[in-house]
Amino acid sequence: MKRFVPLACLLVVLSSVAPLRSQEKDKVDLETIGRIRYEGFHNSKVMEFASGLMDSIGERLTGSPNMKRANEWTRDQLTAMGLSNAHLEPWGPFGRGWANQYVNVRMTAPDVVTLLAYPKAWTPGTNGVVQGKCIRATIADKKDFEKYKGKLAGMIVILGADAEVKPITEPPYKRLSDDDLAKLSDYQIPGDHPAFRFADFVKRQQFVKDLNQFFADEKVLAVIDHSRGTSGGGTVFVQSGGSYKPGETTTVPQLTMASEHWTRIARLLQQKKDVSLELNVANTFYDDDPMQYDTIAEIPGADRKDEVVMLGAHLDSWHAGTGATDNGAGTIVMMEAVRILKALDIKPRRTIRIGLWSGEEEGLLGSQGYVERHFGSRPHMDEPGMKDMPTLLRREAGEVTVKPDQARISAYFNVDNGTGKIRGVHLQENEAVSPIFEAWMKPFKDLGMNTLTMRNTGGTDHLSFDAVGIPGFQFIQDPIEYESRTHHSNMDVYDRLQPEDLKQAAVIVAAFVYDAAMRDQMLPRKPIEKPLPKEPEKKDEE
């Protein structure tokens, strides 16, 4: 006769079988993972790559000679590793190149002292030594122009609201605690919020143009603002002060000064004392090539060679430091990951392709340009400021049109959150990859990687791939000093890199790329986000 199994027992049996089936489906090749770990931990070249990029080349502002040197250097390094088809792929047009060759700022009255300041990108130099008196100005919108008309000619404008410099009460160095990771793993349901208002973005851009034109019309000698943040400590966060687009170059030299030095000048001016500065800034614009370049190379696949697994990071940086944590760290981790796979003579089923992007700091331009050429695009927009710009991330531009190669990309993996070790993965709301990554992550629990979150994360090149329906992922990393010290600052240099963390990250990236390249199926996909409705134009309030 038939035997009846109690329901509770049946559920126990089924619950034990289901994980086994899932594990069998995504079985991890632990022998190869062990080899990857050994190569990455015992024969690492990641810090050699770091010195070559950060020490020998240095800053890599998009359009600068150093950016081109970095493109060529990475191409040659990848070729020397044995990767195939290493080349520079153009995108653009971008616009003008720029680099700073010299800067010296000093107070000449009421004291004589050298001051710490850096020129803003895409602003002109002083054409030799200039001297001038300082004047304080706080300009929040165009209504403030009237207060300063006729008062700024030949003056050095000390621009901005008061800078508050506080004692450093919390250590700038931070690793994610178990509690931090637990909170990060909890998904936050998006609230109802208005779509990103493109008109507001255009308005902000226009105000910067108007402000620069105001200073030019008033014949200002130079403009100096202060570094962001309150911790000070000689860290100067500096980005751009003008446009890189031809015909839109600002004509007034602009600098950002260490907060502690800026506040001294501001206090003296508040006391009605005369303050004079001497400036000597040498900047150069480059107009020989409007195009910019991404570095691309491959490890050819075998039976599924027409399918591709990609990994990448942005190669460009800002100019005050040497772009070590943003994002030299990601670049050298990805280079080390493919070096590990080549050193082990891995024969992947799918082609493995590395992309090192330029133009990230100006809006993910290099990766967007690459994705538009190969995988898909949205319609271009005619709005001011968007001409010739990629519009992949602008959902109000319209539907995505995909190209045939879009269906052949299994995944894109990105590293761009500093030098910290990898602690998990942002899944970008792709629930179907969760059990797969759970299996891939297990061999690295002893290295501190144990977190998956359904949350989206923004601001990195994985978004260019995600926008056209390709599974794109940014790894969760320990912040270390990223926001507090190194992000876009003069302190973003080789010495701020954490060698052991970079080794750990390279090993994990190499393993994930290997797992994706060897898997029977491509990684599951989520739907492409639908276009946002265009917003009605707002009338300016009188």
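Odds and ends about this structure:
- The residue that is nearest to Q292 (Cα to Cα), counting only those in the stretch 235-244 that are modelled with pLDDT of 95 or more and of a type outside the set (G, A, S), is Y244.
- Single condition G424 does not satisfy, out of (1) more than 30 Å from K120 (Cα to Cα); (2) of a type in the set (G, A, S); (3) out of contact with any Ser or Thr (no Cβ under 6 Å at 6 or more places or on another chain); (4) buried (at least 19 other Cβ atoms within 10 Å of the Cβ): (3)
- The set of residues in the stretch 493-510 being within 12 Å of L341 (Cβ to Cβ) and in contact with a Ser or Thr (Cβ under 8 Å, 6 or more places away or on another chain) consists of A506 alone.
- The stretch 73-126 holds strands (runs of 3 or more DSSP E) entirely within its bounds, and those carrying 2 or more residues that are touching a Leu at 6+ places or on another chain (Cβ under 7 Å) and surrounded by fewer than 18 Cβ atoms within 10 Å (Cβ to Cβ) map to 97-109.
- Of the residues making up the stretch 455-491, those that are among the polar types (S, T, N, Q) and either at pLDDT below 95 or touching a Cys at 6+ places or on another chain (Cβ under 6 Å) (or both) are N456, T457, S484, T486.
- Here is the figure for the stretch 131-141: residues that are at pLDDT below 95 and closer than 13 Å to F215 by Cα total 0.
A quick yes/no check of all residues on (1) at pLDDT 95 or above; (2) surrounded by 13 or more Cβ atoms within 10 Å (Cβ to Cβ); (3) within 26 Å of Q504 (Cα to Cα); (4) hydrophobic (A, V, I, L, M, F, W, C):
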position: C9; (1), (2), (3), (4): no, no, no, yes
position: A18; (1), (2), (3), (4): no, no, no, yes
position: N43; (1), (2), (3), (4): yes, no, yes, no
position: A50; (1), (2), (3), (4): yes, yes, yes, yes
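- Selection from the stretch 127-137 of residues that are out of contact with any helix residue (DSSP H, G or I) (no Cβ under 7 Å at 6 or more places or on another chain) and either outside the structural domain of E218 (by TED's automatic domain parsing) or not in a loop (DSSP other than H, G, I, E, B) (or both): V129, V130, Q131, G132, K133, I135
- Restricting attention to the stretch 369-420, the residues that are charged (D, E, K, R), under 23 Å from I352 (Cα atoms) and part of a loop (DSSP other than H, G, I, E, B) total 2.
- Those residues of the stretch 72-106 which are without any contact (Cβ under 8 Å) to a residue 24 or more places away in the chain and in contact with a helix residue (DSSP H, G or I) (Cβ under 9 Å, 6 or more places away or on another chain), in sequence order: W73
- Boolean, P379 is out of contact with any Pro (no Cβ under 9 Å at 6 or more places or on another chain), more than 30 Å from S185 (Cβ to Cβ) and at pLDDT below 95: yes
- Answer from N104, N100 - the residue that is among the polar types (S, T, N, Q) and touching a His at 6+ places or on another chain (Cβ under 7 Å): N100
- Within the set L393, L427, L452, the sole residue that is modelled with pLDDT under 95 and of a type outside the set (S, T, Y) turns out to be L393.
- Options Q406, Q428: the member that is more than 23 Å from the chain's Cα centre (by Cα) and among the polar types (S, T, N, Q): Q406
- Helices (runs of 4 or more DSSP H) within the stretch 431-542 that include 3 or more residues buried (at least 23 other Cβ atoms within 10 Å of the Cβ): 462-466, 499-518
- Test for T62: is it at pLDDT 95 or above, in contact with a helix residue (DSSP H, G or I) (Cβ under 9 Å, 6 or more places away or on another chain) and assigned to a loop (DSSP other than H, G, I, E, B): yes
- Residue selected from the stretch 306-353 under the condition hydroxyl-bearing (S, T, Y) and not in a loop (DSSP other than H, G, I, E, B), by the criterion farthest from Q521 (Cα to Cα): T325
- Filtered residue count, the stretch 278-293, keeping only those that are among the acidic types (D, E) and surrounded by 24 or more Cβ atoms within 10 Å (Cβ to Cβ): 0
- Candidates are the residues of the stretch 396-405 that are aliphatic (A, V, I, L, M) and either in contact with a strand residue (DSSP E or B) (Cβ under 7 Å, 6 or more places away or on another chain) or at pLDDT below 85 (or both); the one that is surrounded by the fewest Cβ atoms within 10 Å (Cβ to Cβ) is V402.
- Selection status of G92, touching a strand residue (DSSP E or B) at 6+ places or on another chain (Cβ under 7 Å) and at pLDDT below 95: yes
- Of all the listed residues (V275, V252), the sole one being touching a Cys at 6+ places or on another chain (Cβ under 6 Å), hydrophobic (A, V, I, L, M, F, W, C) and either within 30 Å of K342 (Cα to Cα) or in the same structural domain as K151 (by TED's automatic domain parsing) (or both) is V275.
- Cβ pairs under 8 Å, 6+ apart, first in the stretch 470-495 and assigned by TED's automatic domain parsing to the domain that holds S377 and more than 10 Å from T235 (Cα to Cα), second surrounded by fewer than 24 Cβ atoms within 10 Å (Cβ to Cβ) and small (G, A, S): P471/S410; F475/G424; I476/G424; Y494/S51
The values are calculated or read from the model by the stated rules, or taken from the named source; none is laboratory data. No experiment lies behind these values; they were computed from the predicted model shown. Glycine also receives a Cβ, built like all others from the backbone with ideal geometry; neighbour counts cover every protein chain displayed.
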